[in-house]
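What follows is a set of notes on a single structure, which appears directly below.
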Amino acid sequence: MRPHNARVEIAAVNPRRGGAVLATVLVACVLLLSAQAQARGGRGTVLQSWILSLSAPVAAAVGSVSHGASDAVGSMLALFRVREENARLRRELDERERELFRLRAEALQGAEDRRLLGGGSALPGVLGSVPILLVEGRAGAHSVLIGAGSADGVVPGSPLAVPAGLVGRVVTVGRGVSRAQLLLDASAAAGARIARTGELGVVRGDGHGALVLNNIATTSSVARGDLVESAGIDGIYPRGVPIGRVASVSRGSKLFLEVRVTPSAEFSRLTDVLLLAPSLAAKEGAEAGRSAPR
Amino acid sequence: MKVSRIALLLAAAAVLEFFVGRSPYRAFVPVDWFLLGTAAVARSGDFVRAVLTGAAAGSLEDALSQPLIGLNAFAKAVIGYALTLVSVRVVFGGALAVGGALFVASLANEAIVALLAALLAQSPVVIFTRDALWRAAATGIAGGALESAWNFPWRDWWQRRRLRRLR
């Protein structure tokens, strides 16, 4: 599509004018970023909150269409796979029969393990299930948009989990949509505890899809396979929610071990998450934020 | 490109972000739709609109997914300018060239966002991860496919198909 007159056309393709606009936009961006970086204090901005609120109807509508389309695609794929799966299932059934005896014994052992871990697998204060609308992982920042907001009782700091383990926390709340930071985020951190030894540390996302447990002394007896759960010392996450299992232990800095943790929650397959009750500190923070003049 | 078309392009990009983001198959199509929108405007050769579209698309993306508004806006404004420069100054065309340019642009976007986040939010610098490369590849492939579809002589193809059927 060409502009109607020649002067407009020349102006449009003039890189000098474009450069001036680019410089203006970049300066505006830097100013905006600087203002937020100083004033944020770990919480989302008012502008983000407004945009999330405005985008809620679109997100919900498109999300439901996407869900429907995904279901349709899933059904079609299932149809194609069903014959092959039938044969496989028959083979598996035979195997399962054999495994049954072994599994019964393991189930008894598992129940005993759970009792010993202090019921760590039971999630405390579940408020309900919320759908995930969008997952973003860019430049080490891993975040999700969830289909619940202040109208559903979500406050900044509300923890999110799945039955397998901790997922992250809400950082910005709109009316019907909120943004949450995943534990995998390079700047996310949670107070953690090694269930077997009781040692405390800080779990951080490495930005590459794994977790690192910091502040574990070299004298620790932590071993591969140990369960890492939330310690409840950070004022955000409740105590006793599984975070992951120790994948490797290596000599880190002089005083601390470098402990890599495989997350319990399958972050690549998240479709819905459980919203947990926010901690007292998060609630008070949210109330203070609401009453403070903007 | 008309302003109304640019607005439509950005709206479509936002809708596609949500559509793909909600889907359980999102890991297979991590296309940067906002970058494609910026590139489409840049392709028309209008520097001002490409920069402003990049800034608007980036701001929208930041509001949805980044801790600070302005990270992607900065990156996409720069990329909008750079892509316009490439499309105006370089003899440019073909799905492969467009796909390659978008691949590089997506990685550049990632690098700029990571560096800005490190400077302003003290985040660790995480650049060129496997996810970033896959996103860049998906964006490049999607851009190349759209370029091919845009240049394909659909009318001739349809007429030839009809003639074949009549015979």
Magnitude of the charge dipole, the protein assembly as shown, Cβ model with Lys/Arg +1 and Asp/Glu -1, debye to 20: 1480
HN-Hα J in Hz across the range B:105-115 - Karplus 6.51, -1.76, 1.60, θ = phi - 60°, x for Gly and Pro: 4, 5, 5, 5, 4, 4, 5, 5, 4, 5, 5
Dipole magnitude (debye, nearest 20) for chain B, charges at Cβ of Lys, Arg, Asp, Glu: 1160
Neighbouring partner chain Cβ atoms per residue of A:30-36, average, 10 Å criterion: 6
Distance between modelled label sites at A:LEU280 and A:LEU77, nm, 7 Å Cα→Cβ extension: 4.7
Per-residue Cβ neighbour rank within 10 angstrom, fewest leading, B:TRP157, B:TRP33: B:TRP157, B:TRP33
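Taking the Cα centre of the range B:83-167 as origin, sum charge times position over the Cβ atoms of Lys and Arg (+1) and Asp and Glu (-1), and report the length of that vector in debye to the nearest 20.
Numbers: 10 positive and 4 negative charges, 190 e Å.
Approximately 920 debye in magnitude.
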Whole-number Å³ per residue for the convex hull built on Cα positions in the protein assembly as shown: 193
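Defining a contact as two alpha carbons under 8 Å apart and six or more residues distant in sequence, what relative contact order in percent does the range B:3-166 show?
Details: 203 pairs, mean separation 35.0, N = 164.
Once normalised by length, the contact order is 21 percent.
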Taking all pairs of distinct alpha-carbon atoms in the range A:48-294, Kirkwood radius in angstrom: 20.0
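What does the charge count around B:MET1 come to, taking other residues whose C-beta lies under 10 Å from its C-beta (Lys +1, Arg +1, Asp -1, Glu -1)? Before the final figure, lay out the partial values.
Working: positive: B:LYS2, B:ARG5, B:ARG43, B:ARG49; negative: B:ASP46.
After counting each charged neighbour, the total is +3.
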B:ALA111 paired with A:GLU266, simple spin-label distance in nm, labels 7 Å along Cα-to-beta-carbon: 3.6
The range A:154-294: mean projected area of Cα convex hull, nm²: 9.1
Potential extension, A:VAL126-A:LEU200 segment - 0.36 nm per residue separation minus Cα distance: 24.2 nm
In order through the range B:160-167: 3J(HN,Hα) via Karplus (6.51 cos²θ - 1.76 cosθ + 1.60), integer Hz, x for Gly, Pro: 4, 5, 5, 4, 4, 5, 5, 5
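Just checking the output field for A:141-149: average partner chain Cβ neighbours within 10 Å of each residue's Cβ? Before the final figure, lay out the partial values.
Numbers: counts 11, 3, 4, 2, 6, 0, 1, 0, 0.
Whole-number average of other-chain Cβ neighbours for A:141-149 is 3.
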In nm, spacing of pseudo-spin labels at B:PHE152 and B:VAL3 (7 Å Cα→C-beta vector): 3.5
Unit charges at the beta carbon, dipole of the protein assembly as shown: most positive-side option, A:GLY176, B:VAL29, A:LEU276: B:VAL29
23 Å tail of the calculated P(r), the range B:3-166, as % of Cα pairs: 40
Amide H contacts of A:VAL261 (H built 1.01 Å from N, under 5 Å, at least 5 apart or other chain): A:LEU211, A:VAL212, A:LEU213, A:ALA247
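Give me the extension gain from A:ASN215 to A:ALA151: residue separation times 0.36 nm, minus the current Cα-Cα distance, reported in nm with one decimal. Don't jump to the answer; show the numbers that get you there.
Numbers: separation 64, 0.36 × 64 = 23.04 nm, distance 3.86 nm.
In short, 19.2 nm is gained.
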Computed [θ] at 222 nm, helices only, for the protein assembly as shown once each DSSP H run of length n ≥ 4 contributes -39500 (n - 2.57): -18500 deg cm²/dmol
Residue order, fewest to most beta carbons within 10 Å, for A:SER268, B:SER106, A:SER64, A:SER187: A:SER268, A:SER64, A:SER187, B:SER106
Options A:VAL144, A:ALA186, A:ILE233, ranked by Cα towards positive dipole end of the range A:137-294, top entry (Cβ charges): A:ALA186
Residue order, fewest to most beta carbons within 10 Å, for A:LYS254, B:LYS2: A:LYS254, B:LYS2
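Taken together, the values in this text are just the output of simple stated rules run on the coordinates, not laboratory data. Since this is a predicted model, take the numbers as computed values, not measurements. Every residue, glycine among them, receives a Cβ derived from its backbone with ideal geometry; neighbour counts consider all protein chains shown.
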